[in-house]
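Bear in mind that the values in this text are calculations on the coordinates, not laboratory data. On a predicted model such as this, the values are computed, not experimentally measured, just so you know.
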Ligand SMILES: C[S@@+](CC[C@H](N)C(=O)[O-])C[C@H]1O[C@@H](n2cnc3c(N)ncnc32)[C@H](O)[C@@H]1O
């Protein structure tokens, strides 16, 4: 069964403590899904570490096939396997998704080589992973990146026509996310969680406004910046 469009991961509200990750992620994937269709026509999608496949509806209008792979027992996954050894032929997919998976895998360099191996000529990997995020095993949690480290991981790991790494949101959004998470936790402990949505919304909206007005808080090469999530587009030559 496909994820419903009412799934909060597809329509992230500002009241979510992880809005700084989820809001920009959905907008980026929706835009890349359309761009992929303009450039490639109908395409084949592999969703690596697919979990509940929350983003399938964004790609479904353009996809001739949408295959999920996960290393754990997962009724949504068509294939079982890890990112370090994908049970898939070379160049079998045009769009390879890898959302919030790299931080959980044993060997990120091997993972990048595998992502490249299964991507067809003119195809692309769309990956996202964290800069700053509390520990969240699924089933393990090993890694965090800077934009420079993530770019190096992809560029050094395989042969790409281009690699683009962009922060999902700004420094204030990242700090706001951590504050919102801890505030939400405290309110739950105090049995006052009904106050959380309004306060978290206020934090997220204020953070968004500050980042929007201050470009250097969104510029990854500025020392002192901090990002919750990064988006990677790694394209394969024709
Ligand atoms: C945080 S969830 C993200 C799920 C989904 N991609 C999403 O964006 O909602 C992490 C996923 O990565 C999978 N995973 C963990 N280690 C992995 C590995 N070595 N290879 C492939 N997938 C892995 C987990 O089983 C889980 O489905």
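Couple of notes before you dig in:
- Rg then Dmax, both in Å and based on the Cα atoms of the chain: 17.8, 57.
- What the Kirkwood sum gives for the stretch 171-216 is a hydrodynamic radius of 10.9 Å, with every pair of different alpha carbons counted.
- Its Cα gyration tensor gives the stretch 1-80 an equivalent ellipsoid. The semi-axes, each the square root of 5 times an eigenvalue, are 21, 18, 10 Å from largest down.
- When the Cα atoms of the stretch 28-120 are aligned to their principal axes, the ranges along those axes come out at 35, 25, 23 Å in descending order.
- Annotation: Cα Rg of the stretch 118-186 relative to the compact-globule expectation 2.2 N^0.38 Å equals 1.39.
- Counted over the stretch 109-238 with a bin width of 5 Å, the fraction of Cα pairs per bin, in whole percents, is 2, 10, 16, 17, 16, 14, 11, 8, 4, 2, 1, 0.
- Axis of helix 108-117 versus longest Cα principal axis of the chain: the two differ by about 50°, to the nearest ten degrees.
- Alpha carbon centroid spacing (whole Å) that separates the stretch 70-97 from the stretch 98-123: 10 Å
- Highest-MSF residue in the chain out of 124, 80, 116 [GNM, Cα springs under 10 Å]: 80
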